Amino acid sequence: MQNFQNKTLDIHDLQYNFDYDLFNKFLQLLEHEYNKHIDIKFYAEKLKTSVRELSLISVRYSGKTPKKMITYRRIIEAKRILLYEQESIKTIADMLGFHNQFQFSKFFKENTGVSPLYFRLQNKKKII
């Protein structure tokens, strides 16, 4: 038997573990849902927490809001597809949950500074 008499239970350690666990669950859920759900409320409800709490925990452990993390994940996937697959811009927009290719192109350009097509053409040259 282990001796637990000298161990003290720190409530802050428990909260840290709970928060960290919640953050990891958010990351797992994000990985499965980023192309279908962009509303933070969806993630908070699935994780049985508030939008505010999810935001605080996300910023604490990643330095980014949930919205920024969702955006980042969608951009990373868009870049991957643009570079390594031959899908059309319209198909990529569909794959990532955009209503149309114009919405996707605007989103991509706002977050990267270039259009999806320009990104593909410029970076394919570097890969070859």
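Put in order of Cβ neighbour count within 10 Å, fewest first, the listed residues LEU22, LEU121, LEU82 become LEU121, LEU22, LEU82. Pairs exceeding a 28 Å alpha-carbon distance, out of LYS25/LYS90; LYS48/LYS109; LYS64/LYS106; LYS36/LYS64; LYS68/LYS90; LYS48/LYS68: LYS25/LYS90; LYS48/LYS109. Annotation for region 69-83 versus region 31-48: alpha-carbon center distance of 16 Å. Look at the dipole of region 43-128 built from charges on Cβ: of HIS99, GLY63, ASN123, the Cα furthest out on the positive end belongs to GLY63. Magnitude of the charge dipole for region 11-127, about its Cα centre and with charges confined to Cβ atoms of Lys, Arg (+1) and Asp, Glu (-1), is about 560 debye. Within region 11-127, the ratio Rg/Rh, alpha carbon atoms throughout and Rh by Kirkwood, equals 1.06.
Every read-out reported here was derived from the displayed coordinates using simple, explicitly stated rules and does not represent laboratory data. Keep in mind it's a predicted model, so treat the numbers as computed, not measured. Backbone-built Cβ (ideal geometry, glycine too); neighbour counts: all protein chains shown.
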